[in-house]
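The values are calculated or read from the model by the stated rules, or taken from the named source; none is laboratory data. The structure presented is a predicted model; accordingly, all values stated were derived computationally and were not measured. Positions of Cβ are generated from backbone atoms using ideal geometry, with glycine treated the same way; all protein chains shown enter the neighbour counts. Ligands, DNA and RNA are stripped out before the accessible areas are found, and what is left, the full protein with its side chains, is counted by its heavy atoms. Shrake-Rupley method; radii C 1.70, N 1.55, O 1.52, S 1.80 Å.
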Amino acid sequence: MSHDARRQPAPDSAAGTDPDGVEPPSPEPSGADRRPDDGGGGGGGGGGSTRRFWSARRVPAAIVSLVLAVAAAVLLYEAVAASIDKSPSAWRREITADLATRPLDNPWVIAGAALAVLLGLWLVVLAVTPGVRGLLPMRGGSSDGVRVRAGLERSAAEAVLHDRLLDVPGVQSVRVDAGRHRVRVRARAHFRPLDEVRGDLDRTLDDGVRRLGLARGMRRSVRVRRPAKG
């Protein structure tokens, strides 16, 4: 997921000024803003959990439940039919005879066993992995004794960082890709030396990531180049 756009002309009037044209004093940064981005997560003043959000897995759970329910119903019917001396169903006779005569090295038996193993592994992976890769956990806290957990969409993080980086002097366009562990920035600078632009981008990106309030630190990758000629 990425966010890419070009610089738009800034409005003549700056937001945050009163009707008399006097800019109010900047507020003191909060403790969350001053907190270093050390990637420690729930330590210090945050006090919240840094674990990722888990997916409900509703579709796989519904499929497994439906299959098990149908299989249980069929077996229950056959058990009741056998208890009242009712002749077995034709499909049960065919399956029983086929299983009694088919060798274990038969290709169909091997294919069925491999399919069952793959489905089992898929269910195990779904059971032990959190999912929800597009949601970044934020530093938690507590309010009135209730623990609060918050998450930030990767697209929202990309949009916030994109707007901040686009304000760096010399940047013509910027592309931001935010993963779970790394933020990649690709920018084009149409004036100023590239080293100076890269340094400003690094500082702005560090400050922007820290202000996102994420539970874990993220590695940064910044690349700057000139626009293609022609």
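When the range 57-92 is filtered for residues that are in a loop (DSSP other than H, G, I, E, B), open to solvent by less than 60 Å² (accessible area, probe 1.4 Å) and at pLDDT 80 or above, only Arg57 remains. Can you name every residue in the range 114-132 that is surrounded by 11 or more Cβ atoms within 10 Å (Cβ to Cβ) and of a type in the set (A, V, I, L, M)? Hits for the range 114-132 are Leu119, Leu123, Leu126, Val132. Across the range 116-148, the number of residues qualifying as of a type outside the set (S, T, N, Q) and touching a strand residue (DSSP E or B) at 6+ places or on another chain (Cβ under 9 Å) comes to 11.
Determine which member of the set Ala215, Ala157, Ala189 is touching a Pro at 6+ places or on another chain (Cβ under 6 Å), open to solvent by less than 70 Å² (accessible area, probe 1.4 Å) and not aromatic (Phe, Trp, Tyr). Full working, then the answer.
Numbers: Ala157 fails: touching a Pro at 6+ places or on another chain (Cβ under 6 Å); Ala189 fails: touching a Pro at 6+ places or on another chain (Cβ under 6 Å).
On inspection, the qualifying residue turns out to be Ala215.
Scanning for something within 23 Å of Phe53 (Cα to Cα) and hydrophobic (A, V, I, L, M, F, W, C), does the range 222-230 turn up at least one residue? Break it down into steps so the answer makes sense when it comes.
Residues of the range 222-230 within 23 Å of Phe53 (Cα to Cα): none.
No, every residue in the range 222-230 fails to be within 23 Å of Phe53 (Cα to Cα) and hydrophobic (A, V, I, L, M, F, W, C).
Restricted to strands (runs of 3 or more DSSP E) entirely inside the range 132-173, those with at least 1 residues that are of a type in the set (Gly, Ala, Ser) are 141-143, 151-153.
When we screen Leu104, Leu126, Leu136 for residues that are at pLDDT 80 or above, among the aliphatic types (A, V, I, L, M) and in contact with a Pro (Cβ under 6 Å, 6 or more places away or on another chain), the only hit is Leu126.
Identify all residues within the range 218-230 that are assigned to a loop (DSSP other than H, G, I, E, B) and either free of Cβ contacts under 8 Å to residues at least 12 places away in the same chain or open to solvent by 20 Å² or more (accessible area, probe 1.4 Å) (or both); write none if there are none.
Initial filter on the range 218-230 (assigned to a loop (DSSP other than H, G, I, E, B)): 218, 226-230.
Correct list: Arg226, Pro227, Ala228, Lys229, Gly230.
Residues considered: Arg210, Arg175, Arg147, Arg180. Of these, the only one that is within 30 Å of Ala56 (Cα to Cα) and touching a Ser or Thr at 6+ places or on another chain (Cβ under 8 Å) is Arg147. Looking across the range 192-212 at every residue that is of a type in the set (A, V, I, L, M, F, W, C) and open to solvent by 10 Å² or more (accessible area, probe 1.4 Å), the one that is farthest from Arg149 (Cα to Cα) is identified as Leu194.
When the range 174-186 is examined, which residues are found to be part of a strand (DSSP E or B) and open to solvent by 10 Å² or more (accessible area, probe 1.4 Å)?
Kept after step one, since they are part of a strand (DSSP E or B), are these residues of the range 174-186: 174-178, 182-186.
Passing the criteria: Arg175, Asp177, Arg182, Arg184, Arg186.
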